[in-house]
Amino acid sequence: MSLPKHYSPQSVEQKWYDHWMEQNYFHSEPDEREPFSVVIPPPNVTGVLHMGHMLNNTIQDILIRKARLDGKNACWVPGTDHASIATEAKVVRLLREKGIKKSEIGREEFLKHAFAWKEEYGGIILDQLKKLGASCDWERTRFTMEDSLSEAVVKVFVDLYRKGRLYRGLRMTNWDPEALTVLSNEEVIHGDENSRLYHVRYQVEGTDEYIVIATQRPETIMADTGLAVHPDDERYKHLHGKRVIVPLVNRAVPIITDTYVDLEFGTGALKVTPAHDPNDYDLGEKYGLEVIDIINLDGTLNELAQFCVGQDRFTARKNIGKILEEAGALVGTEDYRTRVGRSERTNAVVEPKLTLQWFLKMDEFASTALEAVRSEEVKFYPESMWNMYNSWLKEENVRDWCISRQLWWGQRIPAWYYEEHVFVAHNAEEALAQAKTATGNDALTIADLRQDEDVVDTWFSSWLWPISVFDGFQSQEELKYYYPTNTLVTGWDIMFFWVARMIMAGYEYAPELLGPDHPIMPFKDVYFTGMVRDSKRRKMSKSLGNSPDALSLIDTYGADGVRFGMLSCSSAGNDIIFDAPIDPQTGEALNESKLCEQGRNFCNKMWNAMSLIIGWEVDSNAEEDPISAMASTWLESRLAQVNKDVTRLISEYRLDDAIMELYKFIWGDFCSWYLEMIKPSDGKMNPQTLERSIAAYEQMMILLHPFMPFVTEEVWHRLRDRAAGEDCCVATWPTAGDFDADLIARVDLAKEAVVKVRETRSSKGIKGREPLKMLTTIGSPGEALVKDAGLRAAIEKMAYLESLQAVKTEPENAIGFLVGNDSFYLELNQEIDTAAELEEKEKELAYLIGFVASVEKKLSNERFVNGAPAEVVERERKKLADGKAKIASLQDEIARLKG
């Protein structure tokens, strides 16, 4: 069968993924090998593949494939999160479309619908990850609401309650009036929005005097139970201890004094509404103010409001403004820019509301999680992420975690109520036994108890993920082997939501489950990805229409092309500027990308190189010539050098640098230079060079395999016949041997010489294959290129030279140029324009003088020299030395031209 001219990912990727799955390469069971485990950040069961998922999972796949090639027992556990709010909202909407109301069918029937939806649609994103090449252990796929994981949640809830770290209380919380549930502080997204400031006057009781306040929420005036001023505000000192009349409802409320009041904001007086503002609630608690809740759970006003009853809070805001104006209480309004909190899931404006919820005390947990990272038991990449982590977990910034949610989809809170009693237990039977003991009533039945209607926060299940995916709360056999996991790859935006909480759970439960001698951190390293943004630095999202379709990109460029495109522009912690163009007509992102195109072109380049190698006719009697012998030795040295660098870069999580080093080496050194050096003029290749070429190319495929698994597997199998099971996917990562740095440096000079000759031909209009003589002077460093027979022959071959020689004196009718820091000359068969050459050299000299000055300035900066990594400083010093050497050579060349 003839070899296709171009690489076709469509005909390759599914073939190899199916093969890997059939060979069971991705499955892991505990054995004698060193484990390398990674747990996937479980995507929402409602989700579909987007750019962030592709980046995150590509990075995980690189790490797990590299571990597999290292001979480790690589285990990548996939799974999905039940996503309480998002999933329940989706199922409610689907039922509504069928004319079914959640409230009419009851909890059990609703959960049947929810699980049915999950079974039909919940695995979509995991199937999509297979298209990307994700080498997960699919037999281990977990779901946060499956029985054993839910059992773990119940166990932890009961345990924490019995330890006195869980409690139930009436607190000011973030209420989502659309999802009808409370939200944690981390689930509220704050942003600046336009609003209006209403200036309203309150009459001082028994006088004709008024106090004007400024408020954004006139619809809550009917719930006011106080008015606050600063104790040092001279304007109001004569009113201390008096009362004001609340407009519309004519309620007399006290004037209180507190330093919380900002003297500079508005009029220096503020209305106090304890039921509808967290700060006002604190003031109310402090001064014993009445709490009047006038807003329903769905955001409408209730009967206690007396005005606009049944109206949505935003509609009521406008109408109350009009009513205040008609009553003569509205002094005026003004436009105002303010911070507004919105639900992360529904985008509804969050309503501060007093609700009875379950809370987890966080002070000890936060302290433990901080110390784990501070001590580097858990290491962050990049290290700068510590600053954000430290800020979030400082004692003054930590609040108790509200873990209850007013939903049905999720793990139901294991608390049962009887009269004023609360019984927290693993099941109803255990709760009943507690109830009988507590009340002394043996006649009680389960029917007498009422279980809490709420579920726990989704994060209360996923914080156990590194333990629960191995069923660690039921049996510790697998947990002992795979825990702690090696690397967590995640976005910095869920650092507190998830990363910190998993550390908390790990340090709390690993010692109990595994004993004091087993490591207790949930993971050793955390690699934080940045946000994927468009060219305008906006976060890619469906709502903005600026995110290309992930699967369409794979269809267009192949999975390897997309993986290359994503990785080449990403580094740990930094935002990724992805180059998807925008359709000028629709304003939406097109499924195009120059970076992915570059990846696809790279695949074709490797395909063409493979086609060339296996297409050569072999002359079994031919000996290895000097050029091929030198070139193969050089390539093997460079390969060892690249192997060492790439291995180190992967260990440092500098994956973007690693793939670009491989890209430049394979495209540049191997395809553009090596194959050109050894290419036989008669099309017949000697067997020694062919074998060395194939062996080197095989190693390149192994090094590149974690990054671009499909094309490397295909090329690997095309290079030579393979036995069953002899796949690139499970090959052995090559050991980096010693390399000849001097040879590498000499070949770099040779390459530069060829480039300079080609540039000179182009600038002087000389035919590409017209024979020319290239010269250097005897005794100069450049003579090394002449003395090395293989290098000399390679330069003559690739630059189409008649000869490369060393001569005693500088030639007359020749163009001079620098190769490295050494002078070379090209004899031309035409008159040289000395004046033009002189002008060109003087321009080059001026540039070099400026360049050297800039490097000297940098090296004179003590902050740079003392603060930059040693290798960076050394690189600058080498630039300086090279620059000065080039200046000296150029000055000699200019002197020669001036004669």
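I need the Debye-formula profile for the range 14-61: one equal scatterer per C-alpha, no solvent, reported as log10 I(q)/I(0) at q = 0.27, 0.28 1/Å, two decimals.
-1.07, -1.07
Between Asn441 and Lys539, what FRET efficiency follows from the Cβ-Cβ distance if R0 is 41 Å, with the result rounded to 0.05?
With R0 = 41 Å, the Cβ-Cβ based efficiency is 0.10.
With a 1.4 Å probe and every protein chain left in place, work out the accessible area per residue of the chain in Å², rounded to a whole number.
Spelled out: the 1.4 Å probe surface of the chain, per residue, equals 44 Å².
Which pairs, out of Lys767/Lys841; Lys644/Lys841; Lys155/Lys480, put more than 28 Å between their alpha-carbon atoms?
Those over the limit are Lys644/Lys841.
Which value, to two decimals, describes the C-alpha radius of gyration of the range 82-143 once divided by 2.2 N^0.38 Å?
Against the compact-globule rule of thumb, the ratio is 1.38.
What FRET efficiency, computed as 1/(1 + (r/R0)^6) with R0 = 51 Å and r the Cβ-Cβ distance, is obtained for Lys286 and Glu430, rounded to the nearest 0.05?
0.80
How far is it, in nm, from the label point at Asp740 to the one at Gln451 when both lie 7 Å from their Cα along the line to the Cβ?
Placing both labels 7 Å along Cα→Cβ, they lie 7.5 nm apart.
Pop a pseudo-label 7 angstrom from the Cα along the beta-carbon direction at both Asp493 and Asn319 and give the gap in nm to one decimal.
Computed distance between label sites Asp493 and Asn319 equals 3.7 nm.
Once the piece of chain linking Asn574 and Ala881 is laid out straight, how much longer is it, given 0.36 nm per residue of separation minus the C-alpha distance between them?
Extra length from Asn574 to Ala881 when fully extended: 107.2 nm.
Work out the length of the dipole vector of the range 20-87 about its Cα centre, built from +1 on the beta-carbon of each Lys and Arg and -1 on the beta-carbon of each Asp and Glu, and round it to the nearest 20 debye.
It works out to roughly 220 debye.
Could you list the trypsin sites (Lys or Arg not before Pro) in the range 476-572 that lie in coil according to DSSP, counting only those with at most 15 other Cβ atoms within 10 Å of their Cβ?
Lys536, Arg537, Arg538, Lys542
For the range 123-170 and the range 224-247, what is the separation of their Cα centres, given in Å?
Between the Cα centre of the range 123-170 and that of the range 224-247, the gap is 52 Å.
In debye, nearest 20: dipole of the chain around its Cα centre with unit charges on the Cβ of K, R (+) and D, E (-)?
With Lys and Arg at +1 and Asp and Glu at -1, about 1340 debye.
Hey, can you rank 839-846, 211-218 by average C-beta count inside 10 Å, highest first? Walk me through the intermediate numbers first.
Numbers: 839-846: 14.2, 211-218: 19.4.
Going by the mean number of other Cβ atoms within 10 Å, highest first, we get 211-218, 839-846.
Nearest-5 percent of antiparallel DSSP beta bridges in the chain?
Just about 70 percent of them are antiparallel.
Along the charge dipole of the range 779-899, which of Ala793, Ala870, Gly782 sits closest to the positive end, that is, farthest toward it, with unit charges on the beta carbon of Lys, Arg, Asp and Glu (+1, +1, -1, -1)?
Ala870
Can you tell which of Trp616, Val39, Gly332 lies farthest toward the positive end of the dipole of the chain, using +1 and -1 charges on the Cβ of basic and acidic side chains (Lys, Arg; Asp, Glu)?
Gly332
If you find the alpha carbon centre of the range 35-111 and of the range 706-753, how far apart are they in angstrom?
Cα centroid to Cα centroid, the span is 36 Å.
For Lys644 and Thr368, calculate 0.36 nm times their separation in residues minus their Cα-Cα distance, and state this gained length in nm to one decimal.
Gain in length upon complete extension: 95.6 nm.
Share of the range 110-241's accessible area from carbon and sulfur, percent, 1.4 Å?
Within the range 110-241, the accessible surface is 47 percent carbon and sulfur.
What percentage of the solvent-accessible surface of the range 258-396, computed with a 1.4 Å probe over protein heavy atoms, is contributed by carbon and sulfur atoms? Could the numbers behind the result be given before it?
Working: 3320 of 7280 Å².
C and S atoms contribute 46 percent here.
Gap in Å between the Cα centre of the range 414-451 and the Cα centre of the range 633-649?
Centre-to-centre (Cα) distance: 68 Å.
Quick one: pull the percent of accessible area on the range 403-458 belonging to carbon and sulfur, 1.4 Å probe, ligands and nucleic acids left out.
Carbon-and-sulfur percentage of accessible area, whole number: 49.
Could you list the residues of the range 334-378 with an amide nitrogen less than 13 Å from a label point located 7 Å from the Cα of Asn194 in the Cα-to-C-beta direction?
The answer is 335-338, whose backbone nitrogens lie closer than 13 Å to the label point.
Run the simple label-point estimate for Arg758 and Glu726 please: 7 Å along Cα→C-beta, distance reported in nm.
Taking the two extended label points, one gets 3.6 nm.
Could you tell me the convex hull volume per residue, in Å³, taken over the Cα atoms of the chain?
It comes to 249 Å³ per residue, whole-number rounded.
Between Arg235 and Ser391, what is the FRET efficiency for a Förster distance of 41 Å, r being their Cβ-Cβ separation, to the nearest 0.05?
0.65
If you place +1 on the Cβ of every Lys and Arg and -1 on the Cβ of every Asp and Glu, how big does the dipole about the Cα centre of the range 612-694 come out, in debye to the nearest 20?
Working: 8 positive and 15 negative charges, 51 e Å.
Charge dipole of the range 612-694: 240 debye, to the nearest 20.
Under 8 Å for C-alpha pairs, at least 6 residues apart: give me the relative contact order for the chain, rounded to a whole percent.
The value is 11 percent.
Taking the Cβ of Gln306 as the centre, find all other residues whose Cβ is under 14 Å away and add up their charges (Lys, Arg: +1; Asp, Glu: -1). Display every interim value, and only then the final one.
On the way: positive: Arg251; negative: Glu219, Asp224, Asp293, Glu303.
Here the count lands on -3.
Ordering His53, His240 from largest to smallest accessible area (1.4 angstrom probe), what's the sequence?
His240, His53
For the pairs Lys756/Lys879; Lys679/Lys751; Lys237/Lys318; Lys130/Lys594, note any where the Cα-Cα span goes beyond 27 Å.
Beyond 27 Å between Cα atoms: Lys237/Lys318.
Once Lys and Arg get +1 and Asp and Glu get -1 on their Cβ, which of Met54, Val12, Ser103 lies farthest toward the positive end of the dipole of the range 1-119?
Ser103
Order these peptides, 366-378, 754-766, by their mean beta-carbon neighbour count within 10 angstrom, highest first. Could the numbers behind the result be given before it?
Details: 366-378: 17.5, 754-766: 15.2.
Most protected by this proxy first, the peptides run 366-378, 754-766.
Order 339-345, 3-9, 133-139 from most to least packed using the mean count of other Cβ atoms within 10 Å.
My ranking of the peptides, most packed first, is 133-139, 339-345, 3-9.
Among Ile849, Ile503, Ile124, what's the order by accessible area (1.4 angstrom probe), most exposed first? Don't jump to the answer; show the numbers that get you there.
Values: Ile849 85, Ile503 0, Ile124 65 Å².
Ranking Ile849, Ile503, Ile124 by accessible area, largest first, yields Ile849, Ile124, Ile503.
The values are calculated or read from the model by the stated rules, or taken from the named source; none is laboratory data. On a predicted model such as this, the values are computed, not experimentally measured, just so you know. A quick note on method: Cβ atoms are made from the backbone with ideal geometry, for glycine too, and the neighbour counts reach across all protein chains shown. Note: accessible area is taken over every heavy atom of the protein model, side chains too, but ligands, DNA and RNA are not part of it. Shrake-Rupley method; radii C 1.70, N 1.55, O 1.52, S 1.80 Å.
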